[in-house]
Structures are given as structure tokens and as C-alpha cells.
1. Just need a number here: residues in the stretch 1-48 that are surrounded by 15 or more Cβ atoms within 10 Å (Cβ to Cβ) and either more than 24 Å from Val88 (Cα to Cα) or hydrophobic (A, V, I, L, M, F, W, C) (or both).
2. Going through Glu76, Glu68 one at a time, which residue ends up being assigned to a helix (DSSP H, G or I), of a type in the set (Asp, Glu) and under 19 Å from Val129 (Cα atoms)?
3. Could you figure out which of (1) modelled with pLDDT under 90; (2) surrounded by fewer than 19 Cβ atoms within 10 Å (Cβ to Cβ) isn't true of Glu107?
4. If the Cβ limit is 6 Å and pairs must be 6+ apart or interchain, which residue in the stretch 45-57 that is closer than 18 Å to Phe112 by Cβ and touching a residue at least 12 places away in the same chain (Cβ under 8 Å) pairs with which residue that is surrounded by 14 or more Cβ atoms within 10 Å (Cβ to Cβ) and among the small types (Gly, Ala, Ser)?
5. Taking the stretch 9-30 as the search range and keeping residues that are part of a helix (DSSP H, G or I) and among the β-branched types (Val, Ile, Thr), which one is nearest to Leu73 (Cα to Cα)?
6. Quick test for you: out of Phe93, Phe99, pick the one residue that is touching a residue at least 24 places away in the same chain (Cβ under 8 Å), surrounded by fewer than 17 Cβ atoms within 10 Å (Cβ to Cβ) and within 24 Å of Gly20 (Cβ to Cβ).
7. Given (1) part of a helix (DSSP H, G or I); (2) farther than 25 Å from Asn102 by Cβ; (3) hydrophobic (A, V, I, L, M, F, W, C), identify the lone condition not met by Val88.
8. Take Leu6 and tell me if it is outside any loop (DSSP other than H, G, I, E, B) and of a type in the set (A, V, I, L, M).
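The values are calculated or read from the model by the stated rules, or taken from the named source; none is laboratory data. Since the model is a prediction, treat every value here as computed from it, not as a measurement. All Cβ positions, even for glycine, are placed from backbone atoms using ideal geometry, and neighbour counts span all protein chains on display.
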Amino acid sequence: MNTESLAYPFIVIEGNIGVGKTTFCRKLQEKYDARLILEQFSDNPFLPYFYENPERHAFSVELFFMTERHRQLQEELIQGDLFNQQIVSDYIFIKTLLFAKNNLNEEEYRLFKRLFHVLNAHFKKPDLVVVFDHTHSLDAIYEALKTNIPVISFINSGNNPKKIDYPITGNFTTAKGSKFYYNLIKHSLN
């Protein structure tokens, strides 16, 4: 068992698909012997209907995805581990709202949001959110800031880091950067 520990017991890595979140999480898990929570994808039975008629089936698709994410996080976070309290995850539950906002009409989104907040109220909040691509994760950043969760974000040159607690500027646009990201912040996490 590794004796090094993270200064932040529950860290979430956020960003677009392919940016290196899972690779980075695995490296942190290996180095710090942390519990790893990776988003699981199960077959959404409503997806074929959604592709045929998105307006009609968007709510059921998004509701299914939300309940699946909730189920996974509930299993992972509530069960706990007496000997290992360090957790690294490649997604944050707020991501559910981000997709729903894009797919649902205003009325459906308002109802969906109410359901989301009921489910989200009982989850342990992350101690730190690391965002690899802040331009596509603004809602996750704002949600973290509203609940006083510190945010480290890799920001492309020329973007405004005003709302970020710990901005790291540069040009971060490929999945290859995950090793660079890891080396850059690994020392600041312990």
C-alpha cells in the first residue's frame, strides 16, 4: 500500500471526450493507491427512439443516463473504504445537467433540473475539480464554484481565467497532453 496521500481526498477530472481524463485518473490511482471511479456506459434502451425522434424521446434518454450515473456514484461513494478514503473520478454528476440542457426543451429541462437536484443533494461533493478543457466544461466549473469546490483548469492562451481558482495557461488541445498534465500538477496534489 502506498503511504503518499493526496491533499484533496476526492478529486474529479473533467473535460471533453478524448482529452485524457481517464488516463490521468489511472495515473493518479496508481501513484496514490486511490479508489478509481470511471464513468460506466450501459445500453440506453431509449437511444434508438431518440435518434428517430429526438424531441419526443429526449427526456427519457436523459432520465435514463441520469439514473445510471446516480446508481454508479451511489454504489461507489456510499459504500466507502475504511482503509482508503482517496477517490479519483473521471466525471462529475453535474455533467448530467450539461447534456440535458442541450437536448431538452425549456419545460422538460426545468423538471429534469428539479429531479437532478433532489438526487445530487445526498452525494459527497468533490474536494477538487481539475478541468482539462474549460471552454466545454463551464457549467461544471460554475457548479463547483457555487459550492466552494476549488477548480484547477488548463486554459488555452487567450481565454479568460477570471473565475478559475488555479488557472494553468497554455495550448492544451490533444489527448497526448495527459502525461504533461499529470507531471505538471502531481506535485501540487500532495
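1. 15
2. Numbers: Glu68 fails: under 19 Å from Val129 (Cα atoms).
The unique qualifying residue is Glu76.
3. Condition (1) is where Glu107 drops out.
4. Phe46/Ser60
5. Result: Thr22.
6. Values: Phe93 fails: surrounded by fewer than 17 Cβ atoms within 10 Å (Cβ to Cβ).
Selected residue: Phe99, the only one of Phe93, Phe99 that is touching a residue at least 24 places away in the same chain (Cβ under 8 Å), surrounded by fewer than 17 Cβ atoms within 10 Å (Cβ to Cβ) and within 24 Å of Gly20 (Cβ to Cβ).
7. Failed condition: (1).
8. Against the criterion (outside any loop (DSSP other than H, G, I, E, B) and of a type in the set (A, V, I, L, M)), Leu6 does not qualify.
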